[in-house]
Amino acid sequence: MDSVRRSILKQWPEVAQTGSGSAGRSSVPTLDRSKLGSIIFANPAERKKLNALLKWPITRATLFALLRAYIAGAKCVIVDAPLLFES
């Protein structure tokens, strides 16, 4: 998901906040979720852009989790996807 974070920071550089680096390391930009939220909830076009960025990484992670569960012999899997039908 780090590649997703980098994609978001490229699209919306104003949502980058400087994290506190540990000794000997430089500060690494992190995602300011409150700033991102104020952008995407105020503008439907921006929300659509974020959804497009996140769709495939989330789908891929879900499919891999389902595959791992199948290989492990799981009899039942619950996928918590509240936005699946909304979008």
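Descriptive notes on the structure:
- A Cβ distance below 6 Å, combined with a sequence gap of six or more or placement on separate chains, defines the contacts here; from the range 32-45, residues that are under 11 Å from E14 (Cα atoms) reach residues that are open to solvent by less than 90 Å² (accessible area, probe 1.4 Å) and assigned to a helix (DSSP H, G or I) in the pairs D32/V15; K35/V15; L36/V15; I39/E46.
- Qualifying position, being touching a residue at least 12 places away in the same chain (Cβ under 8 Å), in a helix (DSSP H, G or I) and either of a type in the set (K, R) or closer than 27 Å to V15 by Cα (or both), among L66, L54: L54
- Hits in the range 52-71 (condition: surrounded by 12 or more Cβ atoms within 10 Å (Cβ to Cβ) and within 10 Å of the chain's Cα centre (by Cα)): L53, L54, P57, I58
- Whenever a residue of the range 1-23 is polar (S, T, N, Q), its partners that are modelled with pLDDT of 80 or more, lying with C-beta atoms within less than 6 angstrom and at least six residues away or across chains, give the pairs S7/L53; Q17/T30; Q17/D32.
The values are calculated or read from the model by the stated rules, or taken from the named source; none is laboratory data. Because the structure is predicted, anything quoted here is derived from the model rather than measured. Cβ sites come from the backbone with ideal geometry, for glycine too, and all protein chains shown count toward neighbours. These area figures cover heavy atoms from the full protein model, side chains too; ligands, DNA and RNA do not enter into them. Shrake-Rupley method; radii C 1.70, N 1.55, O 1.52, S 1.80 Å.
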